[in-house]
């Protein structure tokens, strides 16, 4: 925890936006000792001969040409999305597309070259509909009591009744995370729940306060973890500095237990950003993922 707090306070000094001429060609040369010390503010390009692959939607509409959609999509009819322009897309050569009201789209597995701004396709195949691994999990830190969790009122000890308790928890400065652990996987949101709340200190007091608003199964623990406020600050700092590293944000969120920050970008070349945030905040605090993946030779 001490390492995290110190790193957070030092971030502004350690992670200074790069300065330079803005000349894309300057990335590989220097003309003075000062130039060597100050990296130019250019987008770090992917490896020039490296191929990348991704599963995604390709969409073209009246506003733009074919685009590779790697982030969010508006699920309207027709849908709307677009993150990276594709330089050489040919609908007649790929098949499987849909069209509606001036928009054409389809789901594909694409392989190609990425310049940092545009994608040039070298191979197109069917969308690989393999379930992505779960990004994070919530595992109850309290062991199940002998005989199972006691549910005083199964009709009311559901997630619908936990709002006041969660509101109290979120207002505490030492709050880490809270969630509802459903006891019946089939009923899901209609099942009784264990309300789980994690703080960095004073668990006994917090449990007593939560009991004023919740009489159902309860797990309150005290752990040495980053607080929700600390993680929110980390997330904002990393998001704000992505452009300084030449990276484009697709999505970000905090979650899981233990909680962490998850940042999804188009490409983090060679894991540079992941190495940087690990150094700044400590391993496991921030997880960087890329939509484009290098093709292994």
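The numbers here are math on the coordinates, done by the rules we state, and not lab data. The model shown is predicted, which means the values in this text are computed figures rather than measured ones. Backbone-built Cβ (ideal geometry, glycine too); neighbour counts: all protein chains shown.
Miscellaneous remarks
- Summary of the geometry: region 223-297 and region 157-203, compared by the centres of their Cα atoms, lie 26 Å apart.
- Neighbour-count ranking [beta-carbon atoms within 10 angstrom, fewest first] of 257, 127: 127, 257
- Region 52-126: C-alpha gyration tensor shape, a/c 1.5 cut-off, then a/b vs b/c: prolate
- Of the peptides 247-256, 91-100, the ranking by mean beta-carbon count within 10 Å, highest at the top, reads 247-256, 91-100.
- Burial order of peptide ranges 285-291, 62-68 (average beta-carbon count within 10 Å, highest first): 285-291, 62-68
- Global form of region 167-268, assessed from the alpha-carbon gyration tensor, a/c cut-off 1.5: oblate
- Length added when fully stretched, residue 156-residue 190, from 0.36 nm per residue minus Cα-Cα: 11.3 nm
- Rounded, prolate or oblate (a/c below 1.5 giving rounded, otherwise prolate when a/b exceeds b/c) for region 83-180 by Cα gyration tensor: prolate
- Ranked by the mean number of other Cβ atoms within 10 Å of their residues, highest first, the peptides 159-168, 260-269 come out as 260-269, 159-168.
- Mean separation of Cα pairs under 8 Å and 6 or more residues apart, divided by the residue count, gives region 127-215 a relative contact order of 29 percent.
- Region 140-293, relative contact order [Cα under 8 Å, separation at least 6], %: 18
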